[in-house]
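*Asks:* Dropping the structure in here first, questions after.
Just so it is clear, none of the values below were taken in a lab; they were calculated from the coordinates. Values in this document were obtained by computation on a predicted structure and should not be read as measured data. Here the Cβ positions follow ideal geometry from the backbone for every residue, glycine too, while neighbour counts run over all protein chains shown.
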Amino acid sequence: MVLTTESRIGKKHTIYLPKAVVEASGVEVGMDILITVEGDKIIIEPIPDPISLAIHGKKFASTNLEEIEEISREQQSESTENSS
């Protein structure tokens with residue numbers, strides 16, 4: 001989807017995003033953004049919150065309790081060997 005709209009730069013160079021842009025992009029108050037300048041273009045991209053991304057983002061790996069327990073045993077064993 002491509003959305004083009006106009007806005008105005010305010011005092012202290014503040015840019016006010018129109019409601020349609022906010023709704024289409026999913027940005028929220030307090031969200032971090034990445035600002036890139038390419039030639040005469042300004043690109044504003046939302047930076048997803050890590051917690052929200054972990055909960056709602058695409059999953060690319062999985063584990064189970066047995067794997068976690070095995071890794072824990074290995075690290076405890078290495079730690080015990082290194083402290084001797």
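*Asks:* Can you give the angle from 0 to 90° between the axis of helix 65-83 and the longest principal axis of the chain, with both taken from C-alpha atoms, to the nearest 10?
*Replies:* 70 degrees
*Asks:* If you don't mind, there's one more thing I want to ask. Please compute the net charge surrounding P18, taking Lys and Arg as +1 and Asp and Glu as -1 over other residues with Cβ under 12 Å from its Cβ.
*Replies:* Local net charge: 0.
*Asks:* To the nearest 500 deg cm²/dmol, what mean residue ellipticity at 222 nm is calculated for the chain from DSSP H runs of n ≥ 4 alone, each contributing -39,500 (n - 2.57), summed and divided by the residues?
*Replies:* -12000 deg cm²/dmol
*Asks:* Which net charge results for the neighbourhood of Q76, defined as the other residues with beta-carbon distances under 13 angstrom from its beta-carbon, given Lys and Arg at +1 and Asp and Glu at -1?
*Replies:* Charge balance near Q76 sits at -4.
*Asks:* With each pseudo-label sitting 7 Å past Cα toward Cβ, what's the S77-V21 distance in nm, one decimal?
*Replies:* With each label point 7 Å from Cα toward Cβ, the separation is 5.8 nm.
*Asks:* Name the residue, out of K11, K58, K19, whose mean-square fluctuation peaks in a Gaussian network model built on the chain with Cα pairs under 10 Å.
*Replies:* K11
*Asks:* Have a look at E45, E69, E28 and tell me which one the Gaussian network model of the chain (Cα, springs below 10 Å) gives the largest fluctuation.
*Replies:* E69
*Asks:* Could the peptides 2-8, 70-76 be put in order, highest first, of the mean number of other beta-carbon atoms found within 10 Å of their residues?
*Replies:* 70-76, 2-8
*Asks:* Determine, at each q value in 0.11, 0.12, 0.13, 0.21 (inverse angstroms), the log₁₀ of I(q)/I(0) that the Debye formula gives when each Cα of the chain is one equal point scatterer.
*Replies:* Calculated log10 I(q)/I(0) at the listed q: -0.57, -0.62, -0.66, -1.16.
*Asks:* Another question, if that's okay. Could you size up the charge dipole of the chain around its Cα centre, putting +1 on the beta carbon of Lys and Arg and -1 on that of Asp and Glu, and report it in debye to the nearest 20?
*Replies:* 860 debye
*Asks:* What is the calculated FRET efficiency for E38 to I9, with r their C-beta to C-beta distance and R₀ = 22 Å, to the nearest 0.05?
*Replies:* The value I calculate is 0.75.
*Asks:* What percent do you get for the relative contact order of the chain when only Cα pairs under 8 Å and 6+ apart count?
*Replies:* Dividing the mean separation by the residue count of the chain yields 14 percent.
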